[in-house]
Amino acid sequence: MKAAILTGQNKPLEVDEVTIPPLEAGQVLVKVEYSGICGKQLEEINGKRGDDHYIPHLLGHEGSGTVSEVGPGVRKVKAGDHVVLHWIKGSGIDSAPPRFQRGNSTISAGWVTTFSEYTVVSENRVTPFTAEIEFAAAALMGCAVTTGLGIVFNNAALMPGQSMAVFGVGGVGINVIQGAALVNAYPIVAIDLFEHKLEQAKSFGATHTLNASYSDVAKVLSEMTGGKGFDAVVDVTGNSAVRQIAYNATSNTGITIFAGVPHHEETITVDSFPLHFGRRVVGSHGGETKPDVDIPKYIQLYQLGKLKLDEQITHRFSLAEINDAVALMQKGDVGRCVISMSD
Ligand SMILES: [Zn+2]
């Protein structure tokens, strides 16, 4: 089967034939239909988090597909089941990660990878669904949607009428906006550098938008709340200067949530005094999502017409075109890209 392989940092992925290993205990073989592509894979490609000792390896951590075969001990799914592939641990066995072969060399892979026609994943990284939902939309449940909504519902526990500001309205940020709109937060402020992303943010429920390329964001946010600060401020950019502004824009009883991953050498300095009044700072881990519980609920919201999924997908690529998708993502001027494995 064909897979996209990371053979070195800062170079294009190589799409080549790899051999699928026999299934071990707790592993599931899935025919991948769609994979999303997100910031995490860009970080792996551009080495943002430092050296990578697993190269060469497969990548991708949100997807959808159909179960082909299950390994010993697997009870959660069976052949033919439609599944969401996610990096956050759910119920089931935490298996050994698979090892693929390319010629005579071993290709590493994590507990879930999705940039390939088939994949071997750990039982706890799949969640089955029976709803009639397009595979492309289901793929977004693997990371972007669950993380974004989880930030609002789990990390911020945002209530109706509370205020939220979101820095960076890409794949995750747009779902933070959508989650804030679902609980009737107000205002919901989207901040980004790209005008059309801000337009998209409005259609997902942002009540105000700020273009950071020409606005004094810190000043405008302060004025909007009469100097009080926001109940919740989310940074999805991972940029240190932005995180600093996010922290300062949070009210003394509010919460700053860091969702973007910073460069491994970057740090921030904060005035810790407001922490004594109750301000909190947390790093989100996938929105603290519980896949088995949350994914079915979110699919239901989608079926009720309350959650926009299809509208998030701005570009579709084939596996052969994956480097074009990566290049487009690097430029930043893009919504969600999905890779179709059957094209
Ligand atoms: Zn992701």
Quick one: is GLY71 more than 16 Å from the ligand (Cβ to nearest atom) and surrounded by 15 or more Cβ atoms within 10 Å (Cβ to Cβ)? yes
Candidates GLN244, GLN300 - the one that is surrounded by 15 or more Cβ atoms within 10 Å (Cβ to Cβ) and either touching an Asp or Glu at 6+ places or on another chain (Cβ under 8 Å) or in a helix (DSSP H, G or I) (or both): GLN244
Scan the stretch 74-106 for residues that are within 16 Å of the ligand (Cβ to nearest atom) and either among the hydroxyl-bearing types (Ser, Thr, Tyr) or touching a Cys at 6+ places or on another chain (Cβ under 7 Å) (or both) and report the count. 2
Please go through the stretch 193-204 and pick out each residue that is outside any helix (DSSP H, G or I) and open to solvent by 20 Å² or more (accessible area, probe 1.4 Å). LEU193, PHE194
Could you check the stretch 123-142 and list, in sequence order, the residues that are of a type outside the set (A, V, I, L, M), within 16 Å of the ligand (Cβ to nearest atom) and either open to solvent by 10 Å² or more (accessible area, probe 1.4 Å) or part of a helix (DSSP H, G or I) (or both)? ARG125, GLY142
From the list SER91, SER122, SER116, SER108, pick out the single residue that is on the phi < 0 side of the Ramachandran plot, among the polar types (S, T, N, Q) and more than 20 Å from the chain's Cα centre (by Cα). SER108
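Among the residues of the stretch 1-50, which ones are among the hydrophobic types (A, V, I, L, M, F, W, C), open to solvent by 40 Å² or more (accessible area, probe 1.4 Å) and in contact with a strand residue (DSSP E or B) (Cβ under 8 Å, 6 or more places away or on another chain)? First the steps, then the outcome.
We begin by selecting, within the stretch 1-50, every residue among the hydrophobic types (A, V, I, L, M, F, W, C); these are 1, 3-6, 13, 15, 18, 20, 23, 25, 28-30, 32, 37-38, 42, 45.
Keeping just the survivors that are open to solvent by 40 Å² or more (accessible area, probe 1.4 Å) gives 15, 20, 25.
Correct list: VAL15, ILE20.
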Complete set of residues in the stretch 277-297 that are open to solvent by 40 Å² or more (accessible area, probe 1.4 Å), assigned to a helix (DSSP H, G or I) and modelled with pLDDT of 95 or more: GLU288, ASP292, VAL293, PRO296, LYS297
Selection over the stretch 144-170 where residues are open to solvent by 10 Å² or more (accessible area, probe 1.4 Å) and within 14 Å of the ligand (Cβ to nearest atom) yields a count of 3
Meets criteria (surrounded by 23 or more Cβ atoms within 10 Å (Cβ to Cβ), assigned to a loop (DSSP other than H, G, I, E, B) and touching a strand residue (DSSP E or B) at 6+ places or on another chain (Cβ under 9 Å)) for VAL176: no
Looking at THR314, is it closer than 22 Å to ALA181 by Cα, open to solvent by 10 Å² or more (accessible area, probe 1.4 Å), in contact with a strand residue (DSSP E or B) (Cβ under 8 Å, 6 or more places away or on another chain) and free of Cβ contacts under 8 Å to residues at least 24 places away in the same chain? yes
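The values are calculated or read from the model by the stated rules, or taken from the named source; none is laboratory data. Small disclaimer: the values here were computed from a predicted structure and weren't measured. When we count neighbours, we look across all protein chains shown, and the Cβ atoms used for this are built from the backbone with ideal geometry, even at glycine. These area figures cover heavy atoms from the full protein model, side chains too; ligands, DNA and RNA do not enter into them. Shrake-Rupley method; radii C 1.70, N 1.55, O 1.52, S 1.80 Å.
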